[in-house]
Amino acid sequence: MAKIKTATDKYFDALTDSYDAIIDAIKIGNERGFRLSNNLLAEAQKGQREAVDLGKKLAEDPTDISGYYKSMMESATKAQGRTLEFARQVFDELSTSRDETRQVFEKVFTSQRAAGEAAVEAARDMASTTGERVKSSVERVTTRVRGEGEKAASEVEKATEKVKAAAE
């Protein structure tokens, strides 16, 4: 048999959904940062190797100025291309991040709204249950007091009749 969700269950489920959305956003951000850092490191490594190759070329034939200049221009062009590609990746990641952040906020707000509604429902249920218990307790006490009062009145009536009978 399926368990019926109480307001308390709904409340804690909504909190769990909210926290899960935040944790997922942190994980995705961490992965994004890793991708960017990894790419930056790879591009830096390529630039460093090109610089070393340029140094080797100059050391091999210091008089070949035109060849060295040509190699230097090619290296600079490749570096600019890598820089532009990295900037494009950063902008793509930022755009994706913006969309994911919006989605996370929507999930968190939706979950928080559900948690608030569940909390109100739980408070109403608790107030209703408490009210019913107080009402039934008052009814029991009233019934008992009425019964005791009727019993006492009956005893007083009997005693009064005995006193009247004794006085006659």
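Residues checked against (1) hydroxyl-bearing (S, T, Y); (2) under 30 Å from D17 (Cβ atoms):
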{"residue": "L41", "(1), (2)": "no, no"}
{"residue": "G47", "(1), (2)": "no, no"}
{"residue": "E93", "(1), (2)": "no, yes"}
{"residue": "T96", "(1), (2)": "yes, yes"}
Problem set entry | Among residues of the stretch 37-67, those that are farther than 30 Å from E93 by Cα and in contact with a Lys or Arg (Cβ under 6 Å, 6 or more places away or on another chain), counted | 0
For this session: Report whether or not T142 is part of a helix (DSSP H, G or I) and either among the acidic types (D, E) or more than 30 Å from L40 (Cβ to Cβ) (or both).
Result: yes
Exercise. Quick one: in the stretch 1-33, which of the residues that are over 30 Å from A127 (Cβ atoms) and of a type in the set (K, R) is surrounded by the most Cβ atoms within 10 Å (Cβ to Cβ)?
Worked result: R32
Problem set entry | All positions within the stretch 60-89 that are of a type in the set (A, V, I, L, M) and exposed (fewer than 14 other Cβ atoms within 10 Å of the Cβ) | I65, M73, A76, L84, A87
Seminar exercise, completed: Residue pairs qualifying under the 6 Å Cβ cut-off, at least six apart or on distinct chains, with the first in the stretch 145-160 being in contact (Cβ under 8 Å) with a residue 40 or more places away in the chain and the second being among the aliphatic types (A, V, I, L, M), are none
For this session: Those residues that are acidic (D, E) and more than 29 Å from R32 (Cα to Cα), I need them from the stretch 44-91; list them, please.
Result: D53, E60, D61, D64, E74
Exercise. From the residues in the stretch 97-114 that are surrounded by 12 or more Cβ atoms within 10 Å (Cβ to Cβ) and within 11 Å of the chain's Cα centre (by Cα), which one is nearest to R35 (Cα to Cα)?
Worked result: V104
Exercise. In contact with an Asp or Glu (Cβ under 7 Å, 6 or more places away or on another chain) and surrounded by 12 or more Cβ atoms within 10 Å (Cβ to Cβ) - does that describe any residue in the stretch 123-140?
Worked result: no
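Here, each number is a calculation from the coordinates, and none is a lab measurement. Keep in mind that what you see is a predicted model, and the values were worked out from it rather than measured. Here Cβ is always computed from backbone atoms with ideal geometry, including for glycine, and neighbour counts include all displayed protein chains.
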